[in-house]
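One structure is given below, encoded as structure tokens.
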Amino acid sequence: MPASPPLPARTAKRDPRPPITVSAEDYDALAALVAHPSAAPGHALLAVELERAAVVEGAPAANRVRLGSEVDYHDLDRDRLRTIRLSLPREASIDERRVSVTAPIGAALLGLKPRQRFTWTEPGGRTRSILVLAVRNDA
């Protein structure tokens, strides 16, 4: 009886999302947010992102988006450049360009660094993509 051909090697599916890093302090504050049900449009995305985040003690690298970061990004779907500051929901203000981490764009930016692209699907089924251009953190 001839030998059976070898089975093809299984390859692990690579996660297309870029790796993200979050400080333990931010993680604790954000985990408390997602622990409570919310109608915020980015709440579910934030929960998913926290599950996959690498959590580090102290501040992550200076070029990572965290709470309080000022971020320049390119909204690839609308072909617009934007600058925002990532905030907790109670500190969000459209007039002051402070975007809540529970907004879809806020959840998408969390933990990214320059030149990372993130794509997600909104609840209505529309796909969105952003590219981080620059991150500025105080201290």
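The values are calculated or read from the model by the stated rules, or taken from the named source; none is laboratory data. It should be emphasised that the depicted structure is a prediction, and the values quoted were computed from it without experimental measurement. Ideal geometry is used to build each Cβ from the backbone, glycine not excepted, and the neighbour counts take in all protein chains shown. All accessible areas refer to the heavy atoms of the entire protein, side chains included, with ligands and DNA or RNA removed. Shrake-Rupley method; radii C 1.70, N 1.55, O 1.52, S 1.80 Å.
Observations, loosely collected:
- Residues in region 25-40 that are open to solvent by less than 90 Å² (accessible area, probe 1.4 Å) and either of a type outside the set (Phe, Trp, Tyr) or in contact (Cβ under 8 Å) with a residue 40 or more places away in the chain (or both): Asp26, Ala29, Leu30, Ala31, Ala32, Leu33, Val34, Ala35, Ser38, Ala40.
- Listed conditions (1) within 16 Å of Gln116 (Cα to Cα); (2) open to solvent by 30 Å² or more (accessible area, probe 1.4 Å); (3) of a type in the set (D, E, K, R) are all met by Glu49, apart from (2).
- Selection status of Ile84, open to solvent by less than 40 Å² (accessible area, probe 1.4 Å), farther than 15 Å from Leu33 by Cα and not in a strand (DSSP E or B): no
- In region 61-74, the residues that are farther than 20 Å from Thr102 by Cβ and either part of a strand (DSSP E or B) or touching a strand residue (DSSP E or B) at 6+ places or on another chain (Cβ under 6 Å) (or both): Asn63, Asp72, His74
- Failed item, numbered, when Asp77 is tested on (1) part of a loop (DSSP other than H, G, I, E, B); (2) touching a strand residue (DSSP E or B) at 6+ places or on another chain (Cβ under 6 Å); (3) in contact (Cβ under 8 Å) with a residue 60 or more places away in the chain; (4) surrounded by fewer than 16 Cβ atoms within 10 Å (Cβ to Cβ): (3)
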